[in-house]
Amino acid sequence: MTRRGLPRVGPRGYRCVDVETFGRYELLRKIAIGGMGAVYLARQKGPVGFQKLLVVKRLLPHLSEDDEFIEMFLDEGRIAAHLNHPNIAQIYDLGDVDGQYFIAMEYVHGEAVGPLGLRAQQRKLTIPLALKCRIIADAAAGLDAAHNARSPSGRKLALIHRDVSPQNVLVGYNGGVKLIDFGVAKASGKFSQTVVGTIKGKHAYMSPEQARGEPLDHRSDIFGLGTVFYELLTHQRLFKRDTEISTLKAVVGAKLIPPSELSPDIPKELDAIVLKALARKRDERFSSAGEVQLALDEFLVQHKLHATPAHLAAFMQDAYSEELEEERLAAEPTVIHYDPRIAARQQAAAAAAAAGDTGSHAGRPTARPAAKGPAGVSSSSTAPMAPRRAPTGSSSAAAPVSSRAPGTGSGSTPSAQAVSAAPGSKGGTGSGKAPAPPPHRAGTAPTGSAPKRAPTRAPLDETKDD
């Protein structure tokens with residue numbers, strides 16, 4: 001595990017001065033710290049520009065020597081790995097780095113229900129009733145999937161979350177709702193077992209039987225979800241008191257006021273759903289979280305309320321528009337596609353362009369290279385165009401093409417013409433042998449015959465890249 005001080009800008013507009021490398025992950029920033037572990041926003045990097053944001057939950061250092069906490073921590077990863085549902089955050093990896101145990105899980109880009117409610121109050125925003133029902137219905141769907149989860153061999157896990165609270169229900173900016181944190185979950189086949197009478201979970205969201213330390217079943221989670229729903233509807237804490245003891249007493253025996261009496265915008269039909277989920281006797285509650293989901297969906301249909309994930313996404317993006325815009329401007333760009341072959345071709349083209357620039361004459365554009373004579377002698381150091389090669393099998397000698405009309409004079413000097421037709425020139429058949437000079441026809445000889453021997457060696461053309 002190493003640290004390196006590289007300033008980076010990443011998700012949510014943070015600036016990470018000290019990026020910690022933890023195994024194959026980069027820990028970008030600490031999100032939260034809980035009873036068992038610290039939670040980090042992390043990045044996994046791979047070849048050809050691959051990278052992925054996720055969350056790494058690392059067991060707290062002072063608990064790394066406690067076998068009971070290690071088993072509880074690993075149980076969370078093992079249990080959640082069996083869960084595959086759109087409303088449950090996925091587990092990607094479980095292991096240890098230099099003796100520090102960790103869980104790598106899905107990164108939900110959004111906010112928890114608790115901070116979302118506070119945000120609405122601070123900004124004087126009203127979360128539509130339909131969207132409140134959608135959040136709880138989707139969370140109920142995730143709970144139902146967890147309660148009915150089975151092992152790869154088909155054995156029912158009998159999973160109980162035991163910590164359904166506003167902090168563990170996340171709402172994404174894309175409209176998705178995810179249930180997280182099975183850290184204190186109870187399941188058959190766990191390596192660590194809870195002693196009867198011990199209390200685990202947040203006191204204000206426990207069921208009465210959980211507060212009394214009695215054996216639990218999946219209906220305990222329904223009571224916790226009902227508490228979250230009640231507070232989301234009324235913007236008031238239901239059982240929270242000044243001390244833990246008084247909070248537990250409120251969970252067991254406090255009188256419940258119907259939500260419609262605290263907020264006139266809540267229909268009385270919704271009271272029945274909330275209070276049934278909060279029944280003190282478990283036999284009077286919904287028998288499954290799936291029934292909670294169906295009851296809320298039927299309520300939305302009957303009252304013709306629109307509550308699709310698209311509606312929820314639109315509300316979230318509006319409520320957090322400033323943060324999302326800041327994040328969009330400050331976020332580190334992600335490489336979507338990288339092809340080494342394309343990069344190699346681009347580098348070669350850039351190198352060729354740079355070489356061409358360094359070979360040009362100062363103060364004038366680079367001339368096109370002319371054909372070479374014997375031993376690399378240029379046929380013309382001033383001609384703007386290279387001589388055109390004669391086609392294979394042609395009986396005429398190669399001659400430079402003049403841009404002037406016939407009879408107005410050659411575009412190059414006679415000596416240059418002679419070099420073009422001399423043995424060893426580039427023109428001709430291309431076989432490497434000097435072609436035999438053709439006989440002059442009458443009336444076709446140019447003014448001033450070409451000298452019989454090669455002219456004096458001309459200076460090399462500086463514009464030709466050897």
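Values as computed for the structure displayed
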| quantity | calculated |
| --- | --- |
| In region 32-47, the residues that are surrounded by fewer than 17 Cβ atoms within 10 Å (Cβ to Cβ) and either touching a Pro at 6+ places or on another chain (Cβ under 7 Å) or of a type outside the set (A, V, I, L, M, F, W, C) (or both) | Gly34, Gly35, Lys45, Gly46, Pro47 |
| Arg280 being at pLDDT 95 or above and of a type outside the set (Phe, Trp, Tyr) | yes |
| In region 233-267, the residues that are in contact with a helix residue (DSSP H, G or I) (Cβ under 7 Å, 6 or more places away or on another chain) and among the aliphatic types (A, V, I, L, M) | Leu233, Leu238, Leu248, Val251, Val252, Leu256, Leu262, Ile266 |
| First in region 6-31 and on the phi > 0 side of the Ramachandran plot and surrounded by 14 or more Cβ atoms within 10 Å (Cβ to Cβ), second anywhere and modelled with pLDDT under 50 and hydrophobic (A, V, I, L, M, F, W, C), Cβ under 7 Å, 6 or more apart | none |
| Selection count, region 29-61, where residues are within 19 Å of Phe182 (Cα to Cα), under 15 Å from the mean Cα position of the chain (by Cα) and not β-branched (Val, Ile, Thr) | 2 |
| Filter result for Lys268 (at pLDDT 95 or above, assigned by TED's automatic domain parsing to the domain that holds Pro215 and not small (Gly, Ala, Ser)) | no |
| Qualifying residue in region 155-173 (condition: on the phi > 0 side of the Ramachandran plot, without any contact (Cβ under 8 Å) to a residue 12 or more places away in the chain and outside any strand (DSSP E or B)) | no |
| Where a residue in region 43-64 is not assigned by TED's automatic domain parsing to the domain that holds Val97 and at pLDDT 90 or above and its partner, wherever it lies, is surrounded by 14 or more Cβ atoms within 10 Å (Cβ to Cβ) and not in a loop (DSSP other than H, G, I, E, B), with Cβ under 7 Å and at least six apart | none |
| Checklist (1) touching a Ser or Thr at 6+ places or on another chain (Cβ under 9 Å); (2) β-branched (Val, Ile, Thr); (3) more than 29 Å from Ile135 (Cβ to Cβ) applied to Val113, failing item | (3) |
| All positions within region 212-229 that are surrounded by fewer than 23 Cβ atoms within 10 Å (Cβ to Cβ) and more than 20 Å from Leu157 (Cα to Cα) | Arg212, Gly213 |
| Gly142 vs. criteria within 21 Å of Gly35 (Cα to Cα) and assigned to a helix (DSSP H, G or I) | no |
| Tally of residues being assigned to a helix (DSSP H, G or I), surrounded by fewer than 16 Cβ atoms within 10 Å (Cβ to Cβ), of a type in the set (Gly, Ala, Ser) and touching a helix residue (DSSP H, G or I) at 6+ places or on another chain (Cβ under 8 Å) across region 268-303 | 0 |
| Residue check, Lys156 of a type outside the set (Val, Ile, Thr), in contact with a strand residue (DSSP E or B) (Cβ under 6 Å, 6 or more places away or on another chain) and assigned by TED's automatic domain parsing to the domain that holds Phe315 | yes |
| Qualifying residue in region 70-81 (condition: among the aromatic types (Phe, Trp, Tyr), in a strand (DSSP E or B) and either crowded, with 21+ Cβ neighbours inside 10 Å or on the phi > 0 side of the Ramachandran plot (or both)) | no |
| Region 95-109, residues that are in a strand (DSSP E or B) and either without any contact (Cβ under 8 Å) to a residue 40 or more places away in the chain or surrounded by fewer than 19 Cβ atoms within 10 Å (Cβ to Cβ) (or both) | Gly95, Asp96, Val97, Gln100 |
| Helices (runs of 4 or more DSSP H) (entirely within region 203-260) containing at least 1 residues that are more than 21 Å from Ala139 (Cβ to Cβ) | 208-211, 244-253 |
| Considering residues of region 246-265 that are of a type in the set (Ser, Thr, Tyr) and closer than 20 Å to His203 by Cα only, the residue surrounded by the fewest Cβ atoms within 10 Å (Cβ to Cβ) | Ser246 |
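The values are calculated or read from the model by the stated rules, or taken from the named source; none is laboratory data. Remember, it's a predicted structure, so these values are computed and weren't measured experimentally. Backbone-built Cβ (ideal geometry, glycine too); neighbour counts: all protein chains shown.
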